[in-house]
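The values are calculated or read from the model by the stated rules, or taken from the named source; none is laboratory data. Note that this is a predicted model, so its numbers are computed, not measured. As a convention, Cβ positions derive from the backbone with ideal geometry for all residues, glycine included, and neighbour counts pool all protein chains shown.
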Amino acid sequence: MQFKRSSGILMHVSSLPGKFGIGDLGSCAYDWVDFLEATGTALWQVLPLNPTGFGDSPYQGLSAFAGNSLFIDLENLRELGLIPAKALSSPPAFSQRKVDFYKASRFKRRLLELAYANYRKNPDVTLQKEFEQFKLENAHWLEDFATFMALRERFKLVSWRDWPDAYRLREPQALLSFAEEQAAVIEMQAFFQFLFFRQWFALKRYANERGVQIVGDIPIFMGFDSADVWSMPHLFTLDADRHPTFVAGVPPDFFSSTGQLWGNPLYVWEEHRKEGYSWWINRVAATLKTVDIIRLDHFRGFAGYYKIPAANKTAEGGEWVDGPRRDLFDAIQARLGELPFIAEDLGVITPDVVDLREHYHLPGMRIFQFAFWEDANHEFLPHTYPVDCVAYTGTHDNDTAQSWFKLAPAHEQRFCMSYLGYPPIGDIAHAMIRAVWSSVAVFAVAPMQDFLKLGNSARMNLPASTSGNWQWRMQPDALTPGLIGWIRELNIVYNRANPRQGWKAGQYFRG
């Protein structure tokens, strides 16, 4: 797909400065879109929007299709008459700097349950029709997901591997009895999904009307503890007792002598092929309703992936096997047309991965932080970028630019300073943004933390760690006129400004 030269900011919904402990789809999100429009920024990149499981990671989602109900705007539910104003008048004292997922979840869940109870008690006809239509359009995943979530709560949030056999193995009579006994609880889960997507699609329309496109994420693998693996076990490498036989990871390398054992069950690609890749097509189609451009996480896994016996304690002893390659992408393209994908092609990339990406004209990724350990020919230095790539100062898995520089080896610091023209240390992040923006890369993106020149405490995720991640929140007063002006000028001078504004070089330059 042909993309136009643009810029973007990476910030997850959870990081917005909402009132109730976590970013949401309310006024803070609309203010954020207004900020993007004012700066001429045409792309908003988010992390996966799915409900999260262990560790609150968006990359360990409980579903490939569902939305995170923690993002539902409570003020909108008040406007719909689903919760009273007094229910929002005295919220707990939430931190503005960090998300407390447990605290936010307890508070919001109680009010979402109240909203559903009030809907059942006195259903609005228009809302009721919308809900019924939503259930009809999403039947291919919604019923299984809502049942999965109801069962998950029945068994106190333990993994479905530890459920009683009748539910773990999906015995038809057990599921039918549960559906009859817990019909209201299951419908309540579906109602939460209806509210999420109703609000998300309204926000997306608002953004698109202002020339802002949303870049979303599809993690290549599903977490084991997900509705998809539970409801379609034949598509994953599980034995007859529903235990994983092989799992995902990467082999030992320069960074780890034992490799990385991710633990996600792998796909039985032959089963997907027999079904015409329908699960993948549905997944991509659903995501393309939610976002405008998709970043395909771990793209190399579609060409070839590392297969580790599930009994292994480390990633040693696995083997590389072929992925679905063009067969999958041809099937998706045949059903859905153009592929608005960004290929996350980081790591050790072999020629078959490059061939697959180039065959579909997908831009790859370049990370500026990775550029300084070698020499001036490094592929992650901005002067070496091709046009068909997306250039980042860093991603959600990297430290902030300011902190990366502070902790980098001395030789990397010297190289970086020379490359950037010796900016003041406190301006390293902005100098890195400017270098990325000046490149020929079709898209230039930076995390919001780098625009705010924040340190390590604002890091979003530390790979291979299971606590303290995904918590950063932007302060309510962060979007200052000075910052708006700086980003707008940057976008204009490097020809990345949102074309809807029609800005010309020289119009908005300072002094």
Return yes or no: is Ala429 among the small types (Gly, Ala, Ser) and touching an Asp or Glu at 6+ places or on another chain (Cβ under 7 Å)? yes
Can you confirm whether Leu136 is free of Cβ contacts under 8 Å to residues at least 40 places away in the same chain, under 16 Å from Asn282 (Cβ atoms) and part of a helix (DSSP H, G or I)? yes
Restricting segment 222-265 to residues that are surrounded by fewer than 17 Cβ atoms within 10 Å (Cβ to Cβ) and touching a strand residue (DSSP E or B) at 6+ places or on another chain (Cβ under 7 Å), the one nearest to Leu157 (Cα to Cα) turns out to be Gly263
For Thr400, all conditions in the list (1) closer than 27 Å to Gly26 by Cβ; (2) out of contact with any Gly (no Cβ under 9 Å at 6 or more places or on another chain) hold save one; what is the number of the exception? (2)
Residue match in segment 44-61 (condition: of a type outside the set (Asp, Glu), closer than 20 Å to Leu452 by Cβ, more than 19 Å from the chain's Cα centre (by Cα) and surrounded by fewer than 21 Cβ atoms within 10 Å (Cβ to Cβ)): no
If we keep just the residues of segment 365-396 that are crowded, with 20+ Cβ neighbours inside 10 Å and part of a helix (DSSP H, G or I), which is farthest from the chain's Cα centre (by Cα)? Pro382
Report yes if some residue within segment 88-105 is buried (at least 23 other Cβ atoms within 10 Å of the Cβ), aromatic (Phe, Trp, Tyr) and not in a helix (DSSP H, G or I); otherwise report no. no
Candidate set from segment 53-70 (those that are assigned to a helix (DSSP H, G or I) and over 15 Å from Trp200 (Cβ atoms)); member that is modelled with the lowest pLDDT: Phe54
State whether one or more residues within segment 352-366 are within 30 Å of Gly426 (Cβ to Cβ), aliphatic (A, V, I, L, M) and at pLDDT 95 or above. yes
Could you please find all residues in segment 397-439 being exposed (fewer than 14 other Cβ atoms within 10 Å of the Cβ), over 15 Å from Phe370 (Cβ atoms) and either over 31 Å from the mean Cα position of the chain (by Cα) or among the hydrophobic types (A, V, I, L, M, F, W, C) (or both)? Ala410, Arg414, Ser418, Gly421, Tyr422, Pro424, Ile425
Inter-residue pairs, beta-carbon under 8 Å, first at positive phi and in segment 449-465, second modelled with pLDDT under 95 and exposed (fewer than 14 other Cβ atoms within 10 Å of the Cβ), 6+ apart: none
